[in-house]
Amino acid sequence: MKIGFIGLGNMGAPMAQRLAEAGHEITGYDLMESAIAALPKDMITLASDAPDAARGKDIVITMLPNGESLDSVAAAIIPVMRQGSCLIDCSTVDVNTARTVAIQCKGANIRWLDAPVSGGVVGAVGGTLTFMVGGSPASFAIGGQLFEIMGQRTIHCGEAGAGQAAKICNNMILGVCMIATCEAFALADALALDRQKLFDVVSTSSGNSWSMSTYCPAPGVGPQSPSDNHYAPGFSAALMLKDLRLSQQAADLNGTPTRAGKLALDIYRDFVDSRDGAKFDFSAILNELTTGQTNRGQQKP
Ligand code: NAD
């Protein structure tokens, strides 16, 4: 297929490359020179602007930082996209923007899928992403084959916006869960309970979660994770903050009481804004929660 790919950053570039390797004809565009410079030019044709990347394509994929950038790119490309073609947005954006752009697409006779991902840069490079997809079954039937190339698992969550809704619900759980896991390590320290023992118990008990068993925030405990690499991301605290903002915004708009989600947002906002947390993995919140603790059972990480 002829595919336009707009937004070739940390995630978009390897995703576009996988599609090119699978034999699709990729035309790419990014605002930043540095993103373009890093692309394999023999595999990806460069466009001069976003409409140039989108014009006449079967599918256009966007992988952008936020809802505002999706909004402006959509306004520029929808008028030039071929009728019957499909716009697939893989960025993480607010549900309302996804639904608004879906309506604009419908008005222009263009198919739409919101298809945010989990799995991070490692998943994008390795083709092991999970796609959470919103849009009509007919549009899903078109995009599905591409998700198989870029990812390992795809879930069709419902109509337009459902993919973004699933993404922010998942990441609200993740943020709350990571904080709870780190608080448990802080309490274990204070009670002189060995961190490895806490891991051994919790990872096989009812307190277990992905944050504990797969992505353990305590260095030297559990499988390899960013905590074993000085908390280099991984999934940055800045991206977690972004997603918690989106979940809280959706909760506030819909009058849903998400008190733990709100508290997680406050904790990550403080970490990123006041404590230079943006450049660290989101599991580095462990250090914040154990700072100042006096009655520690063992050394700080
Ligand atoms: P990134 O900042 O590395 O890439 C975004 C790219 O979009 C940049 O290169 C930027 O120049 C480009 N861009 C911005 N506005 C543009 C415009 N108007 N036209 C063309 N290009 C434009 O971000 P990323 O890490 O690749 O993340 C992309 C999306 O994926 C985000 O929505 C993020 O929340 C989501 N996501 C990221 C991860 C992760 O681990 N990085 C994981 C899951 C989801």
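Hey, which of these cross-link pairs are over 22 Å Cα-Cα: LYS2/LYS41; LYS167/LYS262; LYS41/LYS106?
Values: LYS2/LYS41 16 Å; LYS167/LYS262 17 Å; LYS41/LYS106 33 Å.
Pairs exceeding 22 Å: LYS41/LYS106.
Taking neighbour counts of Cβ atoms within 10 Å as a proxy for exposure, in what order, fewest first, do ILE142, ILE6, ILE103, ILE26 appear?
Working: ILE142 19, ILE6 31, ILE103 10, ILE26 26.
Ranked by crowding around the Cβ, least crowded first: ILE103, ILE142, ILE26, ILE6.
To make sure I understand, if each residue's beta carbon is the centre and we count other beta carbons within 10 Å, what order do LYS41, LYS167 fall in, fewest to most?
Details: LYS41 10, LYS167 28.
Sorted ascending by nearby Cβ count, the order is LYS41, LYS167.
Can you give me the Rg/Rh ratio for the chain, using Cα atoms for both radii and the Kirkwood formula for Rh?
Ratio value, two decimals: 1.02.
If I model a spin label at GLN196 and GLN83 as a point 7 Å from the Cα along the Cα→Cβ vector, what separation in nanometres do I get?
Distance between label points: 6.8 nm.
Arrange the following residues from fewest to most other Cβ atoms within 10 Å of their Cβ: HIS156, HIS24.
HIS24, HIS156
Using Cα-Cα distances under 8 Å and only pairs 6 or more residues apart, what relative contact order does segment 144-287 have, in percent?
Relative contact order comes out at 26 percent.
Of VAL121, ILE78, SER91, which is farthest along the charge dipole of segment 52-130 in the positive direction, counting Lys and Arg as +1 and Asp and Glu as -1 at C-beta?
Farthest towards the positive end: ILE78.
Work out the charge dipole of the chain with +1 on the Cβ of Lys and Arg and -1 on the Cβ of Asp and Glu about the Cα centre, then indicate which of LEU174, ALA238, TYR29 is farthest towards its positive end.
The one lying farthest along the dipole's positive direction is LEU174.
If one puts a single equal scatterer on every Cα of segment 94-189 and applies the Debye formula without solvent, what log₁₀ I(q)/I(0) results at q = 0.11, 0.23, 0.25 Å⁻¹?
Log10 I(q)/I(0), no solvent term: -0.40, -1.11, -1.20.
Given a Förster radius of 30 Å and the C-beta distance between ALA38 and ASN170 as r, what FRET efficiency does 1/(1 + (r/R0)^6) yield to the nearest 0.05?
E between ALA38 and ASN170, to the nearest 0.05, is 0.55.
Where the only charges are on Cβ atoms (+1 Lys, Arg; -1 Asp, Glu), what is the dipole of the chain about its Cα centre, to the nearest 20 debye?
Once rounded to the nearest 20, the dipole reads 360 debye.
Given an 8 Å cut-off on Cα distances and at least 6 residues of separation, report the relative contact order of the chain as a percent.
RCO, the chain: 13 percent.
Hey, what's the Cα Rg ratio for segment 1-147 versus the globular rule of thumb, 2.2 N^0.38 Å?
0.93
No lab work stands behind these numbers, since they all come straight from the coordinates. Owing to the predicted nature of the structure, the values given are computational and were not obtained by experimental measurement. Heads up, the Cβs are rebuilt from the backbone with ideal geometry, glycines too, and the neighbour counts pull from every protein chain shown.
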